[in-house]
């Protein structure tokens, strides 16, 4: 890495597993204070202990970010604990697939709430602190939004999931244009298929029907995406990695 994160603070949403947990470990290893935000406190406690055992600093925040008040409180708790905020990793999300015709509407509501509203609430609360950090001697702050290949390449059975990720693409670019002149870097990471528990959220009958498509597929690891995110936020202040698509070798998607 060209620079370390010593003296910075990162807030990672969806930190209780998968990409979020791997990213928190990676940022902590680079010296960042890390606020771990998710709903499963037991998983966050385990992750925080791993970070502290390795010599890092972690704060556990149990929060449902689809609640605007709790999203804002998570940001404020981070700032109060560490004195500021330099990096926001918007990773929390769910992927509930299946044909639109037979989809339970509560699944659509859940994806819109977590993938879009929770991210918006957290970003809105974090922006003033990130702008303050970017105006400091470090001269940069970062928002990294974890999107998906589905935001570029919608496929049958992913209509609303792809809708949330395509919308995230648009939000990320528009926000980048708004704040880039004030040294807040806004980046979009778009992973292809990753071996995480995201697939376990899918209804069993839908998952079974789709397993054949992934039977011989190479999947990315959570650590691959964490490495990419860490690369983005450790670039010199003059460098903005605005969009990175990460596919597994041999992927047809």
Q. Taking region 149-177 on its own, how many of its residues are within 23 Å of residue 87 (Cβ to Cβ), at pLDDT 95 or above and in contact with a helix residue (DSSP H, G or I) (Cβ under 7 Å, 6 or more places away or on another chain)?
A. 5
Q: Report yes if residue 86 is within 16 Å of residue 9 (Cβ to Cβ), modelled with pLDDT of 95 or more and in contact with a helix residue (DSSP H, G or I) (Cβ under 7 Å, 6 or more places away or on another chain), otherwise no.
A: yes
Q. Any idea which of 58, 74, 103, 92 is surrounded by 16 or more Cβ atoms within 10 Å (Cβ to Cβ), assigned to a loop (DSSP other than H, G, I, E, B) and in contact with a strand residue (DSSP E or B) (Cβ under 7 Å, 6 or more places away or on another chain)?
A. 92
Q: Examine region 118-140 for a residue that is assigned to a strand (DSSP E or B) and either under 23 Å from residue 16 (Cα atoms) or touching a helix residue (DSSP H, G or I) at 6+ places or on another chain (Cβ under 8 Å) (or both), and state whether such a residue exists.
A: no
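The values are calculated or read from the model by the stated rules, or taken from the named source; none is laboratory data. None of the values given here were measured: they were computed from a predicted structure. FYI the Cβ positions are ideal-geometry reconstructions off the backbone, even for glycines, and counts take in every protein chain you see.
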